[in-house]
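Worksheet for the structure shown next.
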Amino acid sequence: MSAARIALRGDLLDFVAAPARADRDSPAVRFRPGHWLLIEGNTIVGAQLAGPDVTWRRIDHAGKLVLPGFIDTHVHSAQLDVIGSWGAQLLDWLETYTFPAEHRMVDPVLAQQGSRLFLDALLAHGSTSAVVFPTVHKASVDALFEGALERGMRLIAGKVLMDRHAPKTLCDDIDDVDGAERDCHELIERWHGRGRLAYAVTPRFAPTSSDAQLAMAGRLLASRDGLYMQTHVAENPDEVRWVAELFPKARSYLDVYERHGLLNQRSVLAHGIWLDAADRARLHTLGAQIAFCPSSNLFLGSGLFGWAATEDAGVGISLASDVGGGTSLSMQRTLADGYKVQALAGTKLSAWALLHAATRGAAQALGLSHEIGSLEGGTVADLCVWDWAGSAVARRRQQVARDLHEKVFAWITLGDERDLVETWVAGVRRHRRDGVR
Ligand code: GUN
Ligand code: ZN
């Protein structure tokens, strides 16, 4: 049987290159208003202005915005229960709210329910791909990968590693490093490369892993081609001071990871607010990237990430919600927060720089631009249909916008997940706004 042929019309917006960060009139932007996007099976095969012939099933979203699905490069699947927890900075917040919530995932039934809720929520916010922390529990990793496989999503995740400075019930056995290593090998065998899934070696952050566990993580990372590594780095000043005490021989927080062979082109480091120029140079040399988490950085009072210094050092930057430190899975809100954080830090980011970092830029940093992040022919049909405006104020703002940049920047600033009409994953409609038929 031949693959289903779907033609979906809307205002197609994506990128063919990386836009300069302040360039409002960028040749990197590809805008094709009122075009039909052609999808065969799970793959985008082209786009055209003319209506397609009768062999294509037409889905007409004329007047709506069509974007590649967002890629959330750092988010915690077991932290929906702690979004919006009051009054703490990072280390306090982990102890008071986050560790107890993650402990609940010891129950495989709760882990499965939680993973389904989380994955459906990602799709209902327009994110079709994500780099995800589940918890230390194997069952939470299985549940997450299973759910992503069912939904056809591109997902990168792995068992969280912790063997100290966390509640005993959440720690791997410090005297049996081999136990956690065996568990990870088993999960890698089961999930890595299956469907659109990839395994990420996931030490939570330097303070919660012994040197022996970090060394084990380095061995794991080297054990198989294509594995990713995800962790947190230099998020909060108290955390940075603590890491300096715990690892006195390391030149910096980042260096703790480098010493254990954890930095390469598939390493995704969340935050990186308190890195120095030498760290940024190492990130560039090793090809590792930063997931910028502005909503979380504001909410936990962590600090202002230096986009300009990081980009100028040649380091890849993507955007991430970091829920539950972040307060929303909406990438529009995340981008708007990113703009505000950079405005405070003295850099005005264009709508293009922001949007690129949540689509094609993230895909490139992950080495996946052949598959996700754009509406290019040959990539997988992961895309979202959006209203240009969802309220009277937003509609008015769109009406008076003088150019495309102004329209898209207003869409980011005034919008959220309520603008989402449909989410498509690998050529299948996986989410539809209530009330839309
Ligand atoms: N550092 C270590 N664990 C976490 C976490 O769960 N969230 C954030 N934002 N930072 C962390
Ligand atoms: Zn995080």
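Where a number appears in this text, it was derived from the coordinates with a stated rule and is not lab data. Model, not experiment: these values are computed from the prediction. When we count neighbours, we look across all protein chains shown, and the Cβ atoms used for this are built from the backbone with ideal geometry, even at glycine.
Observations on the structure shown:
- In order along segment 391-402, the Karplus-derived 3J(HN,Hα) couplings, from 6.51 cos²θ - 1.76 cosθ + 1.60 at θ = phi - 60°, round to 8, 4, 5, 5, 5, 4, 5, 5, 4, 9, 4, 8 Hz, and Gly and Pro are given as x.
- Using just its DSSP H runs of length 4 or more, each adding -39500 (n - 2.57), the chain gives a mean residue ellipticity at 222 nm of -10000 deg cm²/dmol after division by all residues.
- The relative contact order of the chain comes to 20 percent, based on Cα pairs under 8 Å that sit 6 or more residues apart.
- Taking other residues whose beta carbon is less than 13 angstrom from the beta carbon of ARG57, and scoring Lys, Arg as +1 and Asp, Glu as -1, yields +1.
- Contour minus Cα-Cα distance for ALA17 and LYS249 (0.36 nm per residue): 79.4 nm
- Highest-MSF residue in the chain out of ALA345, ALA358, ALA50 [GNM, Cα springs under 10 Å]: ALA50
- The mean sequence distance of close C-alpha pairs (under 8 Å, at least 6 residues apart), as a share of the length of segment 385-432, puts its relative contact order at 41 percent.
- Converting phi to 3J(HN,Hα) with the Karplus coefficients 6.51, -1.76 and 1.60 and the offset θ = phi - 60°, segment 76-84 yields 10, 5, 9, 10, 4, 6, 10, 4, x Hz in sequence order, with x at every glycine or proline.
- DSSP finds beta bridges in the chain, and of those with both partners inside it, around 45 percent are antiparallel.
- All other residues whose Cβ lies under 12 angstrom from that of ALA18 are scored, Lys and Arg at +1 and Asp and Glu at -1, for a net of 0.
- Most fluctuating residue given options ALA111, ALA78, ALA121, as computed from a GNM of the chain linking Cα atoms under 10 Å: ALA121
- Here the Gaussian network model covers the chain, with springs between Cα atoms less than 10 Å apart; of ALA336, ALA180, ALA101, ALA101 fluctuates the most.
- Around the amide H of MET162, modelled in the peptide plane, lie the amide H atoms of ASP172, all under 5 Å away and 5 or more residues distant in sequence or on another chain.
- Residues ASP163, ASP178, ASP11, arranged from fewest to most other Cβ atoms within 10 angstrom of their Cβ, appear as ASP178, ASP11, ASP163.
- Between GLN113 and ARG432, the modelled labels are 2.8 nm apart [label points 7 Å from Cα along Cα→Cβ].
- Peptides ranked, highest mean first, by Cβ atoms within 10 Å: ranges 84-90, 254-260: 254-260, 84-90
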